[in-house]
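The values are calculated or read from the model by the stated rules, or taken from the named source; none is laboratory data. This is a predicted model, so every value here is computed, not measured. We place every Cβ from the backbone using ideal geometry, glycine too, and count neighbours over all the protein chains shown. Keep in mind that these areas ignore ligands, DNA and RNA; they rest on the heavy atoms of the full protein, side chains included. Shrake-Rupley method; radii C 1.70, N 1.55, O 1.52, S 1.80 Å.
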Amino acid sequence: MAKLKAKLGTYKFFLIAVFFLCLKTYILYKSGFNIQSENVLQEFLLMINPVSSAVLLIGLSFFFTGMTRNIVIILTNFIATLVVYLNLLYFRFFSDFLTWPVLFQTSNAKDLSGSITELIKFADLLLLLDIMVLIFLVVIRVVPIQAPVKRERIYIVTLAFVLFMVNLGIAQIERPQLLTRSFDREMLVKNIGLLNYHVYDGYIQSQSRAQRVFADSSDITEILDYRKDNLKDPDPDLFGIAEGKNVIVLSLESLQSFVINETLDGEEITPFLNDLINDSYYFDNFYHQTAQGKTSDSEFLVANSLFARDSGSVFFTHAGNEYHALPEILKESGYYASVLHANNKSFWNRDIMYDSLGYDQFFDITYYDVNEENSVGWGLKDVDFFEQSIELLKSQPKPYYSKFITLTNHFPFELEEEDRFINEFDSNSGTLNRYFPTVRYMDHALEQFFDRLKEEGIYEESIFILYGDHYGISDYHNKAMSLFLNKEEITDLDQVQLQRVPMYVHIPGHTNNEIKHTVSGQIDIKPTIMHLLGLDTTFDVQFGTDLFAPERSSYAVLRDGSVITDHVVYTKGSCYRKIDGKELDQLNCDPFRERGALELKLSDKLLYGDLLRFY
Ligand code: GP9
Ligand code: MN
């Protein structure tokens, strides 16, 4: 006993540091990441899951002796804290954990700096408290400076490994197949801990790289067969209706469906978009299918009718792939393809990816006059952006396919007083509160843009596709959201339904417009546009279905594997009846869940294997 006590005494400083790091991580799990557990075992896992990585990381100090060892103990604790903190900042905006590809998107970082200050809190300094204590202990020299002990390095690595295996064993009981369902990042963090999760993520990412190397031309057959079985004929009344017309696509920043036809303090939030429903096809069960790549994911889905990645941004990781994207296809039919967006061309690696997708032109920030007066938040205000775009639009050869990406309705939803046409909401979430005036502003900018297009005679010779690119309000703000929606709480089912974004097909002069309820998503846009322009999609590799196809199945799969049909929603491992939210037996969702999983798998296979190079 005395011997053990002496031994522990030798490692006192190490043990204190490990304890501090684990405690800090656990406190952050609960207070920063809001991780809930459903039973005692889950809570226990949450408590122990930081231990193995803390022992290993701080155990690196065993490779040093004397004072250096103590310094390394403090340093490793600091590094681990930094990793956890970066995750926390990311989580405050995205309600998600960092992945390796996201970290390498450094070219976005400088543009994000404005948003980051919004995410930092003064209390975050508390994260350094234990490190201060450790430094204090070293300074007052209560910590003995150890001499090296024989074989202690092997012992510490072994100990970390054994601890991890015990952790994993319990996690497997709690969550079978944990490591094969890697897209559910929260589940991974809950079970194996944040730092171990990063190691695991690194392994997964390297695997997806390897897939390209080992892919061959026969791999695409399975995908082509699936496509053939699911091909749906277009609506003959609409096929080719827009042939030869310009296609103007409006990607509306962070616009979600919950604001449509809603009021705040008696004022309509989106008066123009509400009116536009009357002379458009409006899809009220249309979902964004994006993940960490946000706007770029939506662009990818629309251009290719393929799913973007479950982590990171495909614009960064697979810009070198072979694609057969919409801009390229339209170019083959005599269209001029462009993007108009007043941001740096390298943001989301757009300049590189747009070449791969076949765009002729990217009107980036250098084509716009951007100054203090006409900027807010992320840059050029939407009204000025549209106004300055008119000349650029007119400079293009006709017919053109031009996509506009708006910017003002972007987190942190900043707006000047003069541009506020409605009040902020009143809740504990400043983000949600500010969202309404910026949405209202975007709506106003759109109205002006349409007026200008009419003045210029562009309106009549074009068709318009408008859609929300992804959510603007993450589940981090659910409490405030429930207040706005007048609900007791936001359930998992509600959370899926909040992923709906507005989708319009507006054909000037067209009369048979209606509200379409078909469950659908961004993946369906490409075949829809192709059919409206009278283009055959039989041989195009795509996972979506024309929104107007009479035989289409009312169905969407989100990037996290959630599936929606007319009657059920499958999400986070449970099956719900849509009409009343009742949880159903899994059997009711199984066929759709399996279809969703298969489509995601095939699309990923095509992407990671770069299979279109064989087609
Ligand atoms: C940046 C804009 C916003 O150019 O598209 O990107 P997001 O953060 O929404 O993905
Ligand atoms: Mn966006």
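Taking a cut-off of 20 Å between Cα atoms, list the lysines near K5, but don't count ones fewer than 8 places away on the same chain. Reachable lysines: K150. Computed per residue of the chain from DSSP H runs no shorter than four, each worth -39500 (n - 2.57), the mean residue ellipticity at 222 nm is -14500 deg cm²/dmol.
Bridging of K582 to lysines at a Cα separation below 19 Å is possible for K487, K572, once same-chain residues fewer than 8 apart are set aside. Quick check: at a probe of 1.4 Å, how many percent of the accessible area of the range 534-580 sits on carbon and sulfur atoms? Here it works out to 50 percent. Less than 5 angstrom separates the built amide H of K403 from those of V249, S338, V339, L340, all sequence-distant by 5 or more or on a different chain. For the range 20-37, putting each phi into the Karplus relation 6.51 cos²θ - 1.76 cosθ + 1.60 with θ = phi - 60° gives couplings of 4, 5, 5, 4, 4, 4, 4, 4, 5, 3, 7, 9, x, 9, 6, 7, 9, 10 Hz, in residue order, rounded to whole numbers and with x for Gly and Pro.
Here the Karplus curve 6.51 cos²θ - 1.76 cosθ + 1.60, taken at θ = phi - 60°, turns the phi angles of the range 537-547 into couplings of 10, 3, 9, 8, 7, 8, 9, x, 10, 3, 4 Hz, with x standing for Gly and Pro. Of all beta bridges that DSSP places with both ends in the chain, some 50 percent have antiparallel geometry. For helix 129-139, what angle does its Cα long axis make with the longest principal axis of the chain, in degrees from 0 to 90 and rounded to 10? It works out to around 30 degrees. Computed 3J(HN,Hα) for the range 430-436, one whole-Hz value per residue from the Karplus formula 6.51 cos²θ - 1.76 cosθ + 1.60 where θ = phi - 60°, is x, 4, 5, 4, 6, 4, 5, glycine and proline marked x.
Dipole of the chain computed with +1 at Lys/Arg Cβ and -1 at Asp/Glu Cβ about the Cα centre; of Q499, F161, N423, farthest Cα towards the positive end is F161. I need the shape label for the range 424-573. Rule: rounded when a/c is under 1.5, else prolate if a/b > b/c, else oblate, with a, b, c from the alpha carbon gyration tensor. It comes out oblate by the Cα gyration axes. Surface composition of the range 333-408: carbon plus sulfur atoms hold 47% of the accessible area, using a 1.4 angstrom probe and ignoring ligands, DNA and RNA. Each Cα pair under 8 Å and six or more residues apart adds its sequence gap; the mean of these over the residue count of the range 2-211 is a relative contact order of 32 percent.
The residue among Y85, I241, Q388 whose Cα reaches farthest toward the positive pole of the charge dipole of the chain, with charges on the beta-carbon of Lys, Arg, Asp and Glu, is Y85. The H on the amide N of C575, modeled in the peptide plane, is under 5 Å from the matching H of L584, each at least 5 residues off or on a different chain. Selection among G581, H324, L129 by position relative to the dipole of the chain gives L129 as farthest towards the positive end (Cβ unit charges, Cα centre). Listed by chain and number, the lysines whose C-alpha is less than 24 Å from the C-alpha of K24, apart from same-chain residues fewer than 8 away, are K12, K121, K190.
Normalised radius of gyration (Cα atoms, divided by 2.2 N^0.38 Å) for the chain: 1.05. A 20 angstrom limit on the alpha carbon distance is what I want to check against. Which of K345/K454; K331/K516; K245/K394 exceed it? The pairs that break the limit, which is 20 Å between Cα atoms, are K345/K454; K331/K516. For the pair the range 314-353 and the range 546-615, the centres of their Cα atoms are 27 angstrom apart. Summing +1 for each Lys or Arg and -1 for each Asp or Glu among the other residues whose beta-carbon sits under 13 angstrom from that of S218 gives -3. The long axis of helix 194-214 is offset from the longest Cα principal axis of the chain by roughly 50 degrees.
Solvent-accessible area of the range 1-83 (1.4 angstrom probe, protein heavy atoms only): carbon and sulfur portion equals 78 percent. Taking Cα atoms only, the orientation of helix 294-304 departs from the longest principal axis of the chain by about 50 degrees.
Ordered from longest to shortest, the equivalent ellipsoid semi-axes for the range 232-552 are 28, 23, 20 Å, each the square root of 5 times a Cα gyration tensor eigenvalue.
Among the cysteines of the chain, those with no neighbouring cysteine Cβ under 4.7 Å are C22. In the context of the full set of protein chains, the chain has a per residue accessible area of 43 Å² (1.4 Å probe). Charge dipole of the chain (Cα centre as origin; +1 on each Lys and Arg Cβ, -1 on each Asp and Glu Cβ, all else neutral): 4480 debye, rounded to the nearest 20.
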